[in-house]
Amino acid sequence: MGQRRSGPIGETEAVPQERKGDDASIIGVGLTPFSRDSGLSALELQADAAYQALDDAGLGAPEVDTVITGYATTVNHIMPGNVLAEYLGAKPERAFGMNVGGATGLAMLAEAARLVRSGDARTVLVVGGENRASGQTRDAAIATLAQVGHASHEVALGANIPAYYALLASEYLHRHGLERSELAALAVQMRTHAAEHPGAQFRTPITVDDVLAAPPIAEPLGLLDCCPMSDGAAAVVISRGDGGVRAVTIAGLGQANDHQHVSEADFSAFGAGASAGSALAEAGVGVEGLDILGIYDSFTITLALLLEEIGIVDPGTAGTRAAEGLFAADGRFPLNLHGGLLSYGHSGVAGGMAHLVEMVTQMRGEAANRQLSTRPRRGLLHADGGVLSAHVSVVLDREPTGAGA
Amino acid sequence: MTGAIPMTGDWTTGEPILLAQRCAAGHRWYLPRARCPVCSEAVESFEPTGAGTVFAETSLHRRSSGRDTEAVGIALIDLDDGVRLMARCRPGTRIGTRVHVSIVFDEGSQRLLPSAEEVAA
Ligand SMILES: [Zn+2]
């Protein structure tokens, strides 16, 4: 991982010499449809995605030497990696779980890449999935997720995840002198994308007026500013960079963890800019060199703040730029082409991994009716966990590191 | 010296008192620690005056078991004493409003909570 940097993200830079020859690549992906009720347990969902990713990579479970599994709120098992590894018959050298909220999927990908680059692992299976919507009551899910807040000094006030993000949204709109209607364009764009994906939970097109008329959840956020809770799972297989023409290179990694609770967050820099800056620097690419984006969108405000702090758009303009079509399939920065958390759905760890699967699929040219007219070469993924607390950024490149533009 | 300083004696443990923390080097914060998160110096608790300004605010509509309950206001308040805290407030309180934070008994949750009341600027 490159050193953390501050300041604007610059021009495309020389590829770091030390990165050549030890690329970690994504050689298999799997993604289930997201829905209100899959009829499956968390483990069954995880296995469904894992089998898809292994089949896609042309591997059997015993060929995996490392299994990394994200937490499931409906299971709360202390050994999620081992449980899945046994189910699959993988018998891996390493198996472990990870818990960094919505950033877990990309954080697992980052650890997998590091294990493969160092030579400690040959083939890593990364999986997230749960029956978040059907496996518990809505109140139980909200109460579990609220625990990213401070137990005695925040949660005790009755606050929950939408409230934490609504606090960010209120400050954002006030600082930039904006109305909540400007954030709505981001929700509309995600729904437009989701309409093209058969696995998306919500595919009926919506308008800005629909977003504004939806019931208030935590003002200024309404129901359609918020992602749903879903059943679903996603998986990827990572190996040394000799995976053939369908392999996608993990070209850059960055992370930042500057606070946990919104009460102690630095509203001028949550960590996304530092995280993405590191990933872009390691990949030797600037924002202008990106062809596709996969950015975490748990709420419309999440997407706006991340796009702006990363430097894709100027502060206060994410909604306006969305309305102009910047993030459309034919826009300059196609974003979350599967529909994102807001419309494909949010199944915890798997929610943040769906962006990853979609980007790999687009880079391979296998996205069928959603395929971009020009197959994207480089893309930036970014996810956050908590209240913009844990940040992970990943640059993907469909060419090996060091290949010409 | 090692060992956590017990944070007894404030609203979180049922006493009608608001506490924040500071270290000998002058750092101040709200979420309790055994040592200063900036310089690891020893900690002392202090009672802020409660005077402050609304930094962020939301009116939260809680739907318990499908039942729409009355909205509650939740705000981040920047206290004049140099710490930011979360408090209840009147729903719709505007950012920048001058407030006084005190500890009041909340009927809904049947417990003491910090609450921000608007004051004349
Ligand atoms: Zn200190």
Specify the residue that is surrounded by the most Cβ atoms within 10 Å (Cβ to Cβ); the eligible residues are those in the stretch A:164-213 that are within 19 Å of the chain's Cα centre (by Cα) and of a type in the set (Gly, Ala, Ser).
-> A:187
Taking the stretch B:18-30 as the search range and keeping residues that are of a type in the set (A, V, I, L, M, F, W, C) and either within 14 Å of the ligand (Cβ to nearest atom) or open to solvent by 50 Å² or more (accessible area, probe 1.4 Å) (or both), which one is nearest to residue B:83 (Cα to Cα)?
-> B:29
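Pick from the stretch B:40-54 the residues that are among the hydroxyl-bearing types (Ser, Thr, Tyr) and more than 10 Å from the ligand (Cβ to nearest atom): which of them is farthest from the other protein chains (Cβ to nearest Cβ)?
The extreme case among them is B:49.
From B:74, B:103, grab the single residue that is away from the ligand (no atom under 16 Å from the Cβ) and facing another protein chain (nearest Cβ under 8 Å).
On the way: B:103 fails: facing another protein chain (nearest Cβ under 8 Å).
The conditions single out B:74.
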Residue A:159 passes all but one of the listed conditions (1) open to solvent by less than 10 Å² (accessible area, probe 1.4 Å); (2) free of Cβ contacts under 8 Å to residues at least 24 places away in the same chain; (3) more than 9 Å from chain B (Cβ to nearest Cβ); the exception is number (3)
Cβ-Cβ below 6 Å, separation at least six or inter-chain, first residue in the stretch A:63-89 and of a type in the set (Asp, Glu), second open to solvent by less than 10 Å² (accessible area, probe 1.4 Å): which pairs?
-> A:65/A:121
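Kindly evaluate residue A:133 against the criterion of being aliphatic (A, V, I, L, M), more than 20 Å from residue A:390 (Cα to Cα), open to solvent by less than 40 Å² (accessible area, probe 1.4 Å) and in contact with a Lys or Arg (Cβ under 6 Å, 6 or more places away or on another chain). Talk me through it step by step, then tell me what you get.
Values: aliphatic (A, V, I, L, M): yes; more than 20 Å from residue A:390 (Cα to Cα): yes; open to solvent by less than 40 Å² (accessible area, probe 1.4 Å): yes; in contact with a Lys or Arg (Cβ under 6 Å, 6 or more places away or on another chain): yes.
When the stated conditions are applied, residue A:133 passes them.
For the stretch B:80-121, how many residues are of a type in the set (D, E, K, R) and surrounded by 14 or more Cβ atoms within 10 Å (Cβ to Cβ)? Give the steps one after another, and end with the answer.
Going through the stretch B:80-121, the residues of a type in the set (D, E, K, R) turn out to be B:80-81, B:84, B:88, B:90, B:94, B:98, B:106-107, B:111, B:117-118.
Filter once more, so that each one left must be surrounded by 14 or more Cβ atoms within 10 Å (Cβ to Cβ): B:81, B:84, B:88, B:90, B:98, B:106, B:117-118.
Looking only at that region, the number is 8.
Every residue, every condition in (1) open to solvent by 10 Å² or more (accessible area, probe 1.4 Å); (2) over 26 Å from residue A:130 (Cα atoms); (3) touching a residue at least 12 places away in the same chain (Cβ under 8 Å), yes or no:
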position	(1), (2), (3)
A:220	yes, yes, yes
A:230	no, no, yes
A:233	no, no, yes
A:238	no, no, yes
A:245	yes, yes, no
A:252	no, yes, yes
A:260	yes, no, yes
Condition test on residue B:37, is it within 13 Å of the ligand (Cβ to nearest atom) and within 11 Å of chain A (Cβ to nearest Cβ)?
-> yes
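One residue is enough: does the stretch A:89-109 have a residue meeting the conditions within 14 Å of another protein chain (Cβ to nearest Cβ) and not aliphatic (A, V, I, L, M)?
Our first condition is that a residue be within 14 Å of another protein chain (Cβ to nearest Cβ); within the stretch A:89-109, this holds for none.
Looking through the stretch A:89-109, none of the residues is within 14 Å of another protein chain (Cβ to nearest Cβ) and not aliphatic (A, V, I, L, M).
Let's see how each residue does on (1) under 29 Å from residue A:40 (Cβ atoms); (2) among the basic types (Lys, Arg); (3) open to solvent by less than 20 Å² (accessible area, probe 1.4 Å):
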site: A:339; (1), (2), (3): yes, no, yes
site: A:368; (1), (2), (3): yes, no, no
site: A:377; (1), (2), (3): no, yes, no
site: A:392; (1), (2), (3): yes, no, yes
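Report the residue count in the stretch B:89-100 for those that are assigned to a strand (DSSP E or B) and more than 11 Å from chain A (Cβ to nearest Cβ).
Going through the stretch B:89-100, the residues assigned to a strand (DSSP E or B) turn out to be B:89, B:98-100.
Still in the running and more than 11 Å from chain A (Cβ to nearest Cβ): B:98-100.
Count: 3.
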In the stretch B:88-121, the residues that are charged (D, E, K, R) and under 15 Å from residue B:73 (Cα atoms) | B:88, B:90, B:94, B:106, B:107, B:117, B:118
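Could you check the stretch A:262-271 and list, in sequence order, the residues that are open to solvent by 30 Å² or more (accessible area, probe 1.4 Å), within 14 Å of chain B (Cβ to nearest Cβ) and not acidic (Asp, Glu)?
Quick first cut of the stretch A:262-271, residues open to solvent by 30 Å² or more (accessible area, probe 1.4 Å) only: A:264, A:266, A:268-269.
Subsequent filtering for residues that are within 14 Å of chain B (Cβ to nearest Cβ) retains A:264, A:266, A:268.
Of everything in the stretch A:262-271, just one residue is open to solvent by 30 Å² or more (accessible area, probe 1.4 Å), within 14 Å of chain B (Cβ to nearest Cβ) and not acidic (Asp, Glu), namely A:268.
Residue under question is residue A:308, and the condition is that it be in a loop (DSSP other than H, G, I, E, B) and open to solvent by 10 Å² or more (accessible area, probe 1.4 Å); does it hold?
Considered against the rule, which asks whether it is in a loop (DSSP other than H, G, I, E, B) and open to solvent by 10 Å² or more (accessible area, probe 1.4 Å), residue A:308 comes out as no.
The values are calculated or read from the model by the stated rules, or taken from the named source; none is laboratory data. Keep in mind that this is a model prediction, so the values were computed, not measured. Counting neighbours? That spans all protein chains shown, and the Cβs are built from the backbone with ideal geometry, glycine included. When the accessible area is computed, the model is the full protein with side chains, heavy atoms only, and any ligands, DNA or RNA have been set aside. Shrake-Rupley method; radii C 1.70, N 1.55, O 1.52, S 1.80 Å.
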